[in-house]
Amino acid sequence: MGKIIGITGGIASGKSTVTNFLRKQGFQVVDADAVVHQLQKPGGRLFEALVQHFGQEIILENGELNRPLLASLIFSNPEEREWSRITQGEIIREELATLRDQLAQTEEIFFMDIPLLFEQAYSAWFDETWLVYVDRDVQVKRLMKRDQLSKDEAESRLAAQWPLEKKKDLASQVLDNNGGRDQLVSQVVTKLEIIESQLID
């Protein structure tokens, strides 16, 4: 029996360091954000649903979605936000489920990188959930440096997400990224060794 592992984190927590390392080790990692991006391209299921709902004005001259306009339409109206959460959420879930089922046929171990894993109730899909965790003050500093933000701007972005402390209580495994990259990667290596030994047994 193989293993399906869900990976999540927060802004600037170091999730991409983990997923990039796993890919280099030869593991398949489904990137939920990349899947959403594909679905929002012209002809994609999300693109069609959004245009049908909001109309042609959300399409730019080059045929792509006008993302800033779309964001303002959705986030300025609670009803539209709820429509988006339900409709887009269902389409994304269906697409991710298809990818999961395909990989389960061929891979002994694979990973799914889902930023809103706990918020959107994906936990039951996985044998394990890995949270890439950092302390709040470290997260703020890294986000400020990465995106050239002021402290207030960084705090504001983090306030829009579930705190990592809350996710920590829900995850089956926690990868502590308060140290450097090597320390984080060594934790991943240890967890992989445990999983691989379990599969052999």
Quick check on the exposure proxy: order T19, T87 from fewest to most C-beta atoms within 10 angstrom.
T87, T19
S172 to I200: extension gain in nm, 0.36 nm per residue of separation minus the Cα-Cα distance?
8.0 nm
Is the stretch 38-106 best put as rounded, prolate or oblate by its Cα gyration tensor, with a ≥ b ≥ c the root eigenvalues, rounded for a/c under 1.5, and otherwise prolate when a/b is larger than b/c, oblate when not?
oblate
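Considering all alpha-carbon pairs of the chain, what whole percent are spaced by more than 20 angstrom?
Here the long-distance tail beyond 20 Å is 62 percent of all Cα pairs in the chain.
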Listing S186, S13 from the residue with the fewest other Cβ atoms within 10 Å to the one with the most, what is the order?
S186, S13
Per DSSP, loop GluC sites (Glu not before Pro) in the stretch 83-113 with at most 12 further Cβ within 10 Å
E108
In deg cm²/dmol and to the nearest 500, what is the mean residue ellipticity at 222 nm of the chain if only DSSP H runs of at least 4 residues count, each as -39500 (n - 2.57), divided by the residue total?
-18000 deg cm²/dmol
Taking neighbour counts of Cβ atoms within 10 Å as a proxy for exposure, in what order, fewest first, do D127, D152, D113 appear?
D152, D127, D113
Could you list which residues have their amide H under 5 Å from that of V174, counting only those 5 or more apart in sequence or on another chain, with H placed in the peptide plane?
L131
Output the DSSP H helices from the chain with an along-axis C-alpha extent of no less than 15 Å and a mean Kyte-Doolittle hydropathy no less than -1.0.
181-200
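Read-outs throughout are calculated quantities, based only on the coordinates presented, and are distinct from any laboratory measurement. Only a predicted model underlies this, so the values are computations on that prediction, with no experimental measurement involved. When we count neighbours, we look across all protein chains shown, and the Cβ atoms used for this are built from the backbone with ideal geometry, even at glycine.
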